[in-house]
């Protein structure tokens with residue numbers, strides 16, 4: 001009887017502890033770079049840090065709307081996207097870096113296209129303005145003497161753009177996409193060729209952020225989110241096979257296929273995070289990105305650039 005009561009008390013305590021976990025909803029996509037967040041949830045790493053995390057898969061073009069509505073408190077996206085969101089009046093603050101793309105984002109073209117400059121007057125599939133693939137297109141065009149006005153942009157998601165190239169859509173000359181969809185094009189060279197990636201133009205970097213209100217009201221939860229992400233990176237090092245299987249399953253890939261996808265990016269640990277924010281790279285890139293977005297008409301005005309990031313949570317021991 002006594003053992004039964006003790007067991008019941010332990011069970012009740014566990015339920016109570018779980019009930020006290022801070023709820024937080026994260027908006028993200030199936031992008032390979034965000035996968036450690038999925039791992040942190042599925043492997044119980046968020047829960048161990050006192051968080052009750054819900055992950056919602058929301059297209060990048062709509063993620064800020066979910067934040068503005070209050071449906072989500074935090075999100076994962078590219079560095080320049082936070083600039084666009086804040087410029088549009090959706091206050092958000094980056095707290096840690098997730099990854100850097102090393103060939104995981106790219107432009108796929110028809111075999112007849114020899115160089116990016118050949119795209120003048122051509123049709124390019126890219127996601128909506130304010131998304132990573134649209135920004136990547138603007139960046140690559142500018143580096144090759146062109147602007148968005150020199151091409152016809154058809155708005156397709158990264159997955160749809162890759163599928164269109166694979167299907168041989170005759171109306172599209174190029175497409176902007178990323179892993180794991182870029183890998184599908186890579187596997188079928190007859191459908192098109194990868195003319196440029198972030199190895200050629202290192203400008204895709206992803207960060208995690210939340211609303212200023214959430215950070216002000218829940219600093220311990222923000223710290224827990226940061227620590228759980230680093231926990232996930234440690235788990236990947238410690239047990240890569242299991243980690244790749246968990247992360248791959250979320251995007252309907254085998255562990256082996258996911259392992260191949262992740263080779264084209266680098267997840268950023270605490271030391272890399274500290275260097276990124278303290279070393280000035282984040283501020284310098286944000287400035288150049290903001291100027292390009294102004295030129296391209298993606299944003300109408302600069303947001304308060306001093307409030308884009310709050311890296312205090314990566315500096316704890």
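Every number in this text was worked out from the coordinates using simple rules, so none of it is lab data. If you're wondering where the values come from, they're calculated on a predicted model, not measured in any experiment. Counting neighbours? That spans all protein chains shown, and the Cβs are built from the backbone with ideal geometry, glycine included.
In region 105-197, what % of DSSP beta bridges are antiparallel (nearest 5)?
Rounded to the nearest five, the antiparallel share is 60 percent.
Quick one: divide the alpha-carbon radius of gyration of region 105-197 by 2.2 N^0.38 Å and tell me what you get.
0.92
Mind sorting out which of [x] 16.0; [y] 27.6; [z] 17.7 is the real mean projected area of the Cα convex hull in nm² computed from the coordinates?
Here the calculated entry is [z].
With labels modelled as points extended 7 Å from the Cα through the Cβ direction, what inter-label distance (nm, one decimal) is found for residue 284 paired with residue 312?
2.7
Among DSSP bridges having both ends in the chain, what percentage is antiparallel? Round to the nearest 5.
60
Could you rank the peptides 137-145, 258-266 by their average count of other C-beta atoms within 10 Å per residue, with the highest value first?
So the order, starting with the most tightly packed, is 258-266, 137-145.
If one takes the longest principal axis of the Cα atoms in the chain, at what angle in degrees, from 0 to 90 and to the nearest 10, does the Cα axis of helix 60-69 lie?
Orientation of helix 60-69: about 40 degrees from the principal axis.
Which value in Å is the Kirkwood Rh of region 169-220 over different Cα pairs?
Hydrodynamic radius (Kirkwood, Cα only) of region 169-220 equals 14.4 Å.
For the Cα atoms of the chain, what angle does the longest principal axis make with the long axis of helix 158-167, in degrees from 0 to 90, nearest 10?
Orientation of helix 158-167: about 50 degrees from the principal axis.
Test of understanding: what is the full-extension gain from residue 152 to residue 65, defined as 0.36 nm times their sequence separation minus their Cα-Cα distance?
The span from residue 152 to residue 65 would gain 28.7 nm if fully extended.
For the residue pair residue 52 and residue 144, what label-to-label distance in nm results when each label sits 7 Å from Cα along the Cα-to-beta-carbon direction?
Between residue 52 and residue 144, the simple spin-label model gives 5.0 nm.
Given labels modelled 7 Å from the Cα in the Cβ direction, how far is it in nm from residue 120 to residue 167?
3.1
Would you mind checking the tilt of helix 240-250 against the longest principal axis of the Cα atoms of the chain, expressed as 0 to 90 degrees and rounded to 10?
Relative to the chain, helix 240-250 is tipped by roughly 70 degrees.
Kindly provide the pair-distance distribution of region 216-317 built from C-alpha pairs, with 5 Å bins from 0 and whole-percent values in order of increasing distance.
2, 10, 15, 15, 14, 16, 15, 9, 3, 0
Extension gain residue 188-residue 217, at 0.36 nm per residue separation less the Cα-Cα distance, in nm?
That works out to 5.5 nm of additional length.
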